[in-house]
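The values are calculated or read from the model by the stated rules, or taken from the named source; none is laboratory data. Fair warning: this is a prediction, and the values are worked out from it, not measured in the lab. Using ideal geometry, Cβ is built from the backbone for each residue, glycine included, and neighbour counts are taken over all protein chains shown.
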Amino acid sequence: MGQLVKRKNIIQLIETLRKEGKTIVTTNGCFDILHVGHVRYLQKTKTFADVMIVCLNSDVSVKKIKGPDRPINNEADRAEILCALECVDYVVMFDESSPENLLCEIKPDVHTKGADYTIETLPEAKSIIANGGRVEFISFVEGKSTTNVIKKIEAGSAK
């Protein structure tokens, strides 16, 4: 079972993991309404290193990116759900629109992102590479997205 780590404690955690010889993979996202696409993505992410850290957009961050009606689930609930997944070792929240500052602190060996991005379009890619890491892109599960789940719910409530 994963553990929620406070942002202020992330550097200490990373130092401990590195001393233990662990490799670290990170990913980031809102993970608002968890669905099978998220689960498969997170399971694949875990295969790249010993320890997986999910950098979770806080409620403040989600609103900046997705608008005032999001997130559907609050940050505490989203973090608890992620921590319950066997593949997730740690969750740390961030308030910025981008996880770049947090990733510069973590300096992961590998960072994953959805295949809708490329090295050229992923804002944090340069920082990951500059800090000695690499980026892996993971394909989405066709038709599985939080937006699609919300649309389906809204269509059902309109009947």
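Summary of computed values
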| read-out | value |
| --- | --- |
| Selection status of ILE14, more than 14 Å from the chain's Cα centre (by Cα), modelled with pLDDT of 95 or more, not in a strand (DSSP E or B) and not basic (Lys, Arg) | yes |
| Those residues of the range 82-138 which are assigned to a helix (DSSP H, G or I) and out of contact with any strand residue (DSSP E or B) (no Cβ under 8 Å at 6 or more places or on another chain), in sequence order | ALA84, GLU100, CYS104, GLU105, LYS126, SER127, ALA130 |
| Filter pass, THR121 being loosely packed, with under 14 Cβ neighbours inside 10 Å and either modelled with pLDDT of 95 or more or not basic (Lys, Arg) (or both) | yes |
| Residue list for the range 17-37, restricted to those being assigned to a helix (DSSP H, G or I) and either without any contact (Cβ under 8 Å) to a residue 12 or more places away in the chain or in contact with a helix residue (DSSP H, G or I) (Cβ under 8 Å, 6 or more places away or on another chain) (or both) | ARG18, LYS19 |
| Breaking point among (1) buried (at least 17 other Cβ atoms within 10 Å of the Cβ); (2) of a type in the set (Val, Ile, Thr); (3) out of contact with any helix residue (DSSP H, G or I) (no Cβ under 7 Å at 6 or more places or on another chain), for ILE65 | (1) |
| Among (1) surrounded by 13 or more Cβ atoms within 10 Å (Cβ to Cβ); (2) under 23 Å from PHE140 (Cβ atoms); (3) within 15 Å of the chain's Cα centre (by Cα), the one test that ARG70 misses | (3) |
| Residues of the range 1-29 classified as surrounded by fewer than 19 Cβ atoms within 10 Å (Cβ to Cβ) and small (Gly, Ala, Ser), total | 1 |
| Restricting the range 70-79 to residues that are out of contact with any Leu (no Cβ under 9 Å at 6 or more places or on another chain) and not charged (D, E, K, R), the residue that is farthest from ILE24 (Cα to Cα) | ILE72 |
| Matching residues, the range 80-94, being closer than 16 Å to GLY29 by Cα and either among the aliphatic types (A, V, I, L, M) or surrounded by fewer than 13 Cβ atoms within 10 Å (Cβ to Cβ) (or both) | ILE81, LEU82, LEU85, VAL88, VAL91, VAL92, MET93 |
| Members of the range 100-113 that are under 13 Å from the mean Cα position of the chain (by Cα) and farther than 18 Å from VAL51 by Cα | GLU100 |
